[in-house]
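What follows is a set of notes on a single structure, which appears directly below.
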Amino acid sequence: MSISALQKARYEYQPKVPSILTQDLETIAVEFGKNTESVADQADLKALFANTYGKPLLNFVKGKNADVKKQIKVGVILSGGQAPGGHNVIAGLYDGIKKGNKNSKLYGFLGGPSGLIDCQYKEITDDFMDAYRNTGGFDIIGSGRTKIETPEQYAASIATAKKLDLDAIVIIGGDDSNTNAALLAEEMIKAGCKTHVIGCPKTIDGDLKNEMIETSFGFDTACKTYSELIGNIERDANSAKKYWHFIKLMGRSASHIALECELQTQANICLISEEVEAKKMTLRQITDDICKVIAKRAETAGNFGVILIPEGLVEFIPEMKSLIAELNDKMAQKEAEFNALTDFASKKNWLKSNLSAAAFATFETLPEAIASQFLADRDPHGNVQVSRIDTEKLLALTVEKRLAEMKKEGTYKGKFSSYCHFFGYEGRCAFPSNFDADYCYSLGFTAFLLIASGVTGYLSSVRNLTAPAKDWVAGGVPLTMMMNMEQRHGTKKPVIKKALVELDGKPFKEYAKNRDKWAVETSFLFPGAIQYYGPSEVCDQTTKTLQLEKK
């Protein structure tokens, strides 16, 4: 297999880790802290997780631990969407297992959680592992979005664990995947199965975090990748001085990516979904705000600029949220009837008879190309696929229409041309930054130590991340500590609570303090490509978000 020069060099990179992880394994002991409780719904969760609820936090310290030398068998699963650094979590886990006992085995389940259910796996060996170190993607064993949640799926998973004589399973995933990890840990105990379950925090969206999980892996690399592209566009916009660029960024439930990219690039406008929801901003208000900036810049800087838009914005605009909710309900109730309609006009007439007057009025305001996307193929749960709605084009079209009205009113004298972009998949499998390569390897090695310490239902945790890697703190967090009960498809279910952008948090406040200036002045920053070699302040820096939160 031919490889690039960078790929060859990255194979040889030695991740930096917390100093505790560099010691002889038998001198690394577990130190338990206080017992924990969930963020909400304590009674409900204690009943659901009778065997794993309320466990203590733990750190690794100098001491004695003879169990690290035991021969063990471990399975690993990549679950959900890709995130840079996943291969290094597996590398850290593999190296820990083999350092503990060279005869221990690591099995990678193929295609995500379904690989565990169907007992489809591959043993990971030295040569196989070495071909994926410090590289992006999840192609080492593949990923999938299957949820292990039915009695049959639990039974099949337990049967696989028994067949392979697994001491532990490590699930690398986001909030939903690690909720599944918590449930699987509980089911293993109920079934009398010896297999322990450990999670690792993954998601580029950055919404799996709390006081014990400072960031999810992949967020750093994805944001740096997007910010390079945004900076390139800013440089082009400032050169041509004739286009407004509307850039949609990944982030369905939270706007962490958009905010981080804004802090890195200082685009003229950055919409934050959580603020839109808090202020109950309508599409017209958002459009008017954008138009005011465009008009002001036309008088000063010129007819160009850059706007950042989170992927899930439409779900946070009140009238759009109501429309989507009604569409999900009505189209599910009368699925066959709606699916029999073949053209947009007939579908629109059907909606007029089935939606509330307010919801239909909102639908009518949408350009036909965008309105059609609200009616396109549903997700597996029958809901509108919000990520496929071209929110950036919707805003570009509504802004263009409003600017034309402002020209007639005499309140706008500029020229408006727009380009639309969506940066999503470009960042999910990038070569991990040094930070993500180091962090992920440390998470994987820590997961091994959690297994060797005999715990289950824990999430691997590495903290103090704004310090040099040697000063990072390795430990574990009980998965139930991060959970609450939420309504999902008509039923209350336990889920790990998503971390949204906090409007009173330091990262948002930093943006809010500067946004009026960045809106009108051309204050662009150009982060450039991710650097892997050179001064630490260039190559190993964390995200602006993390730096501000830990300030």
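The values are calculated or read from the model by the stated rules, or taken from the named source; none is laboratory data. Treat the numbers as computed from the prediction; the structure is a model and nothing was measured. Quick reminder, even Gly has a Cβ in these numbers, built from the backbone with ideal geometry, and neighbours come from all protein chains shown.
The table for this structure:
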item	result
Helices (runs of 4 or more DSSP H) fully within region 308-373 counting 3 or more residues that are in the same structural domain as residue 254 (by TED's automatic domain parsing) and surrounded by fewer than 14 Cβ atoms within 10 Å (Cβ to Cβ)	none
Residue tally, condition assigned to a helix (DSSP H, G or I) and within 26 Å of the chain's Cα centre (by Cα), over region 404-430	4
Filter pass, residue 463 being surrounded by fewer than 24 Cβ atoms within 10 Å (Cβ to Cβ), charged (D, E, K, R) and in contact with a helix residue (DSSP H, G or I) (Cβ under 6 Å, 6 or more places away or on another chain)	no
Filter result (surrounded by 15 or more Cβ atoms within 10 Å (Cβ to Cβ) and part of a helix (DSSP H, G or I)) within region 8-37	10, 20, 21, 25
Tabulated pairs, region 403-425, first among the aliphatic types (A, V, I, L, M), second not in a loop (DSSP other than H, G, I, E, B), C-beta under 7 angstrom, 6+ apart or interchain	403/291; 403/294; 406/291; 406/295
Residues satisfying the stated conditions in region 125-175, i.e. of a type in the set (Ser, Thr, Tyr) and touching a strand residue (DSSP E or B) at 6+ places or on another chain (Cβ under 7 Å)	143
All positions within region 214-233 that are surrounded by fewer than 24 Cβ atoms within 10 Å (Cβ to Cβ) and either farther than 26 Å from residue 467 by Cβ or within 14 Å of the chain's Cα centre (by Cα) (or both)	214, 229, 231, 232, 233
Residue count, region 436-473 (criterion: of a type in the set (Ser, Thr, Tyr), over 19 Å from the mean Cα position of the chain (by Cα) and part of a strand (DSSP E or B))	1
Residue 190 vs. criteria more than 22 Å from the chain's Cα centre (by Cα) and at pLDDT 95 or above	yes
Strands (runs of 3 or more DSSP E) wholly inside region 58-155 that include at least 3 residues being surrounded by 20 or more Cβ atoms within 10 Å (Cβ to Cβ), free of Cβ contacts under 8 Å to residues at least 24 places away in the same chain and not assigned by TED's automatic domain parsing to the domain that holds residue 192	none
Selection count, region 38-57, where residues are of a type in the set (Val, Ile, Thr) and crowded, with 18+ Cβ neighbours inside 10 Å	1
Unmet requirement for residue 436, which otherwise passes all of (1) assigned by TED's automatic domain parsing to the domain that holds residue 228; (2) touching a Phe, Trp or Tyr at 6+ places or on another chain (Cβ under 7 Å)	(1)
Test for residue 496: is it under 23 Å from residue 40 (Cα atoms), crowded, with 24+ Cβ neighbours inside 10 Å and modelled with pLDDT of 95 or more	yes
